[in-house]
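In what follows, a structure is listed as structure tokens, so that the remarks can point back to it.
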Amino acid sequence: MNDSALRSEGLFDHGPFPHFQRSIGLFRPVGLDVLPRAICTVVLGWFPLVILLLAQPSGQGSKFYSFLSDFGVHTRSLLAVPLFIIVERSCLPRLNQVAQHFVGSGLVAAESRINFHNLILTTRARMNSTAAEVVVIVLAYGVAIFLRRYLVPESIPDWYWVKTNSITLSWAGWWYLLISLPLLLIIFFGWLWRVLLWTRFLFVVSKMPLRYIAAHPDHAAGLKFLNASLLGFMPVAFTIGVIVAGSVANKIHLHQISIDTVQTTLLALVLVVVILFAGPLMIFTFKLYRVKTQGIFWYGQLASFVGQRFEDKWLTGYKKTGQHSLEVPDFSATTDLYSVVANVHASTAIPFEWRALLGLVFSTLLPFLPVVLMTIPIKVIIKELANLLL
């Protein structure tokens, strides 16, 4: 298989769910026309809510104020949905680059490259799976039906409801339930589908006879480039954080709860994000542990052999050869070998840097900064700023 052909094929060049995206004008090659597509989601998912609220004949003023102060709907339909489109430009090409590096770095042996090529083709085919698309659409509307059945007016902002002879959903409430919410869920599930296929891709690759290097200077047998996938997922983690932060802000605004009461929510959010985006990389943990164990024995045997010859020559026979010690390369060669052996002992079973994991967590929690500021009285903020300036 030609290497250039392999490098020209990406895992996520198209999709997912082409029929759904084409029907609303979202289907484009990945990373292209992200701004028009993002605007399209706002026009479809958020802007009609404004129009319908203004057109609703009863209680326009109070309903519209309730809508404006609803942090949840704005973070979901005005921010998160278009962000899920925009972050394609940075995330998906990065994942493609990581996938192609398995071949470019020589990890995939020549005899396995046809299998690797077929894996890319099957991943791309599954990305546009019609069955997955149908399941996701049914699931999205199943969630909407569930919410319609069990939500009560007291638990959500007033703009969702209108009171006539009975309490029913407003026009904007129906639009959100039937269009805006399913749009968010389908795009979100599309990202989950990508993550699932990314996990499958890494799992199948891990079963191939890769050429691991125990003494690789990255201390991960040559797999530390997988760290780049965490960097690519940071904008996606931020967008997920935006959705949850909006819901938390609503609880604080409507029910006057303290930020301390949502610590469990924050912990669960961080745990889910870490499992989603860092979890797939742990597929290689057992392989890396075995490579390190074998490397310690193999390189250790070589180091012992060289060390014994070195000591026999320079310590036992020092009187004969010591005066020439600065004229021979034995010392530098032995030092170089021992530094290689040290790489083996310093290697880990984790194919990413902890700094990247912390960056992923930070990206997830960053949207909560405005939420925290909501709980601090404005007088206190102004006073502290004054103390800093004066």
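The values are calculated or read from the model by the stated rules, or taken from the named source; none is laboratory data. Since we're looking at a predicted model, the values are computed, not measured. Neighbour counts run over all protein chains shown; Cβ positions are idealised from the backbone, glycine included.
For region 176-192, indicate whether the set of residues that are assigned to a helix (DSSP H, G or I), among the hydrophobic types (A, V, I, L, M, F, W, C), at pLDDT below 90 and touching a helix residue (DSSP H, G or I) at 6+ places or on another chain (Cβ under 9 Å) is non-empty.
Looking for residues that are assigned to a helix (DSSP H, G or I), among the hydrophobic types (A, V, I, L, M, F, W, C), at pLDDT below 90 and touching a helix residue (DSSP H, G or I) at 6+ places or on another chain (Cβ under 9 Å), one finds none in region 176-192, hence no.
Is it true that some residue in region 21-35 is modelled with pLDDT of 85 or more and at negative phi?
yes
Can you pull out every residue in region 110-126 that is over 14 Å from residue 15 (Cβ atoms) and surrounded by 13 or more Cβ atoms within 10 Å (Cβ to Cβ)?
Once the filter is applied, which keeps residues that are over 14 Å from residue 15 (Cβ atoms) and surrounded by 13 or more Cβ atoms within 10 Å (Cβ to Cβ), region 110-126 yields 112, 113, 115, 116, 117, 119.
On the given criteria, is residue 87 modelled with pLDDT of 90 or more, within 29 Å of residue 33 (Cβ to Cβ) and surrounded by 19 or more Cβ atoms within 10 Å (Cβ to Cβ)?
Considered against the rule, which asks whether it is modelled with pLDDT of 90 or more, within 29 Å of residue 33 (Cβ to Cβ) and surrounded by 19 or more Cβ atoms within 10 Å (Cβ to Cβ), residue 87 comes out as yes.
Are any of the residues in region 183-191 of a type outside the set (Phe, Trp, Tyr) and more than 26 Å from the chain's Cα centre (by Cα)? Can you show your working first?
Filtering region 183-191 down to residues of a type outside the set (Phe, Trp, Tyr) leaves 183-187, 190.
Of the ones still in play, those that are also more than 26 Å from the chain's Cα centre (by Cα) are none.
No.
Of all residues in region 246-286, which are over 23 Å from residue 70 (Cα atoms) and touching a Phe, Trp or Tyr at 6+ places or on another chain (Cβ under 7 Å)?
Across region 246-286, the qualifying residues are 277, 278, 280, 281, 283.
Take the conditions touching a residue at least 12 places away in the same chain (Cβ under 8 Å), more than 25 Å from residue 193 (Cα to Cα) and in contact with a helix residue (DSSP H, G or I) (Cβ under 7 Å, 6 or more places away or on another chain) and apply them to residue 100. Does it pass?
So residue 100 does not fit the description; no.
Being buried (at least 16 other Cβ atoms within 10 Å of the Cβ), β-branched (Val, Ile, Thr), out of contact with any Lys or Arg (no Cβ under 8 Å at 6 or more places or on another chain) and not in a helix (DSSP H, G or I): is that true of residue 213 here?
yes
Given the options 208, 234, name the one that is touching a Ser or Thr at 6+ places or on another chain (Cβ under 8 Å), closer than 30 Å to residue 299 by Cβ and either surrounded by fewer than 19 Cβ atoms within 10 Å (Cβ to Cβ) or not small (Gly, Ala, Ser) (or both).
On the way: 234 fails: closer than 30 Å to residue 299 by Cβ.
When all the criteria are applied, what remains is 208.
Inspect region 282-298 for any residue being charged (D, E, K, R), surrounded by 14 or more Cβ atoms within 10 Å (Cβ to Cβ) and touching an Asp or Glu at 6+ places or on another chain (Cβ under 9 Å) and give the result as yes or no.
Step one: list which residues in region 282-298 are charged (D, E, K, R), which gives 287, 290, 292.
With the extra rule that they be surrounded by 14 or more Cβ atoms within 10 Å (Cβ to Cβ), the set shrinks to 287, 290, 292.
Now restrict to residues that are touching an Asp or Glu at 6+ places or on another chain (Cβ under 9 Å): none.
Taking every residue of region 282-298 in turn, none turns out to be charged (D, E, K, R), surrounded by 14 or more Cβ atoms within 10 Å (Cβ to Cβ) and touching an Asp or Glu at 6+ places or on another chain (Cβ under 9 Å).
Can you find, within region 145-179, the residue that is farthest from the chain's Cα centre (by Cα) among those that are buried (at least 18 other Cβ atoms within 10 Å of the Cβ) and among the hydrophobic types (A, V, I, L, M, F, W, C)?
162
When you go through (1) farther than 27 Å from residue 262 by Cα; (2) in contact with a Ser or Thr (Cβ under 8 Å, 6 or more places away or on another chain) one by one for residue 227, which number turns out not to apply?
(2)
Given the options 68, 54, name the one that is surrounded by fewer than 16 Cβ atoms within 10 Å (Cβ to Cβ), free of Cβ contacts under 8 Å to residues at least 60 places away in the same chain and within 33 Å of the chain's Cα centre (by Cα).
68
Within region 69-115, can you find the residues that are touching a strand residue (DSSP E or B) at 6+ places or on another chain (Cβ under 7 Å) and of a type in the set (Val, Ile, Thr)?
Scanning region 69-115 gives a single hit, 108.
Return yes when residue 204 is over 30 Å from residue 243 (Cα atoms) and either assigned to a helix (DSSP H, G or I) or out of contact with any helix residue (DSSP H, G or I) (no Cβ under 9 Å at 6 or more places or on another chain) (or both) and no when it is not.
Numbers: over 30 Å from residue 243 (Cα atoms): yes; either assigned to a helix (DSSP H, G or I) or out of contact with any helix residue (DSSP H, G or I) (no Cβ under 9 Å at 6 or more places or on another chain) (or both): yes.
Spelling it out, residue 204 is indeed over 30 Å from residue 243 (Cα atoms) and either assigned to a helix (DSSP H, G or I) or out of contact with any helix residue (DSSP H, G or I) (no Cβ under 9 Å at 6 or more places or on another chain) (or both).
Within region 37-45, can one find any residue that is without any contact (Cβ under 8 Å) to a residue 24 or more places away in the chain and out of contact with any Phe, Trp or Tyr (no Cβ under 6 Å at 6 or more places or on another chain)?
Yes, some residue in region 37-45 is without any contact (Cβ under 8 Å) to a residue 24 or more places away in the chain and out of contact with any Phe, Trp or Tyr (no Cβ under 6 Å at 6 or more places or on another chain).
Report, by residue number, each residue of region 253-290 that is at pLDDT 90 or above and over 27 Å from the mean Cα position of the chain (by Cα).
Kept after step one, since they are at pLDDT 90 or above, are these residues of region 253-290: 266-290.
If the condition is that a residue be at pLDDT 90 or above and over 27 Å from the mean Cα position of the chain (by Cα), then 290 is the only one that fits.
Which of (1) in contact (Cβ under 8 Å) with a residue 40 or more places away in the chain; (2) in a loop (DSSP other than H, G, I, E, B); (3) farther than 22 Å from residue 124 by Cα does residue 218 not meet, given it meets every other one?
Result: residue 218 fails condition (1) only.
Is it true that some residue in region 179-202 is among the basic types (Lys, Arg) and either without any contact (Cβ under 8 Å) to a residue 40 or more places away in the chain or at positive phi (or both)? Break it down into steps so the answer makes sense when it comes.
To start, the set of residues in region 179-202 that are among the basic types (Lys, Arg) comprises 194, 200.
This time we only want the ones that are either without any contact (Cβ under 8 Å) to a residue 40 or more places away in the chain or at positive phi (or both), so: none.
No, because not a single residue in region 179-202 is among the basic types (Lys, Arg) and either without any contact (Cβ under 8 Å) to a residue 40 or more places away in the chain or at positive phi (or both).
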